[in-house]
Amino acid sequence: MASTTLILYDRKHTDYRSEAGVLEIATGNFASERYTDEKGKETRRAAAGLWLVVRGRTDTSAFSQVHAGQQIDFEECRIRVRTVGSDHRGMYVKIEVENSK
């Protein structure tokens, strides 16, 4: 399946047309977070909050604190977090979204 790459800056949102309807994605809560990697090593990494909801379906509302390399399956969509970083425009999250069906 083809994926769509999106870059969301701090406190911005975008829409993605999915099989489940229009997926609204927003970001914020950027921080440096301590976590344990796949090898059991504790480290720090940039993290961001993602808010997800299918338009018109408040029962689907979800929040996740994410970091690069993480994957979220949400309402027939697969969201892969590629980067949490910053540039001259501010903090951002780069994700790939695709329909999972």
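The values are calculated or read from the model by the stated rules, or taken from the named source; none is laboratory data. Computed from a predicted structure; not experimentally measured. Because the Cβ atoms are built from the backbone with ideal geometry, glycine has one as well, and the counts that use them run over all protein chains shown.
Scan the stretch 72-84 residue by residue and report those that are within 15 Å of Thr5 (Cα to Cα) and either in a loop (DSSP other than H, G, I, E, B) or over 8 Å from the mean Cα position of the chain (by Cα) (or both). Cys77, Arg78, Arg82, Thr83, Val84 - these are the residues of the stretch 72-84 that are within 15 Å of Thr5 (Cα to Cα) and either in a loop (DSSP other than H, G, I, E, B) or over 8 Å from the mean Cα position of the chain (by Cα) (or both). Scanning the stretch 46-82 for residues that are more than 24 Å from Val22 (Cβ to Cβ) and either loosely packed, with under 15 Cβ neighbours inside 10 Å or free of Cβ contacts under 8 Å to residues at least 24 places away in the same chain (or both) returns Ala68, Gly69.
Contact map, the stretch 12-41: residues that are assigned to a loop (DSSP other than H, G, I, E, B) paired with residues that are at pLDDT below 85 and charged (D, E, K, R), Cβ distance under 7 Å, separation 6+ or inter-chain. Pairs shown: Glu19/Lys101. Annotation: of all residues in the stretch 83-101 being under 14 Å from Asp10 (Cβ atoms) and small (Gly, Ala, Ser), the one that is surrounded by the fewest Cβ atoms within 10 Å (Cβ to Cβ) is Gly90.
Return yes when Arg80 is touching a Phe, Trp or Tyr at 6+ places or on another chain (Cβ under 9 Å) and of a type in the set (Lys, Arg) and no when it is not. I'd like the intermediate steps shown before the answer.
Details: touching a Phe, Trp or Tyr at 6+ places or on another chain (Cβ under 9 Å): no; of a type in the set (Lys, Arg): yes.
Spelling it out, it is not the case that Arg80 is touching a Phe, Trp or Tyr at 6+ places or on another chain (Cβ under 9 Å) and of a type in the set (Lys, Arg).
Filter the stretch 11-60 down to the residues that are among the acidic types (Asp, Glu) and more than 24 Å from Glu98 (Cβ to Cβ) and list them by number. Selection gives Glu33, Asp37, Glu42. The set of residues in the stretch 42-57 being among the small types (Gly, Ala, Ser) and part of a strand (DSSP E or B) consists of Ala46, Ala47, Ala48, Gly49.
When the residues of the stretch 5-35 are filtered to those that are surrounded by 13 or more Cβ atoms within 10 Å (Cβ to Cβ) and among the polar types (S, T, N, Q), the one that is modelled with the lowest pLDDT is Ser18. Scanning the stretch 11-37 for residues that are under 18 Å from Gly90 (Cβ atoms) and of a type in the set (Ser, Thr, Tyr) yields Thr14, Thr27, Ser32.
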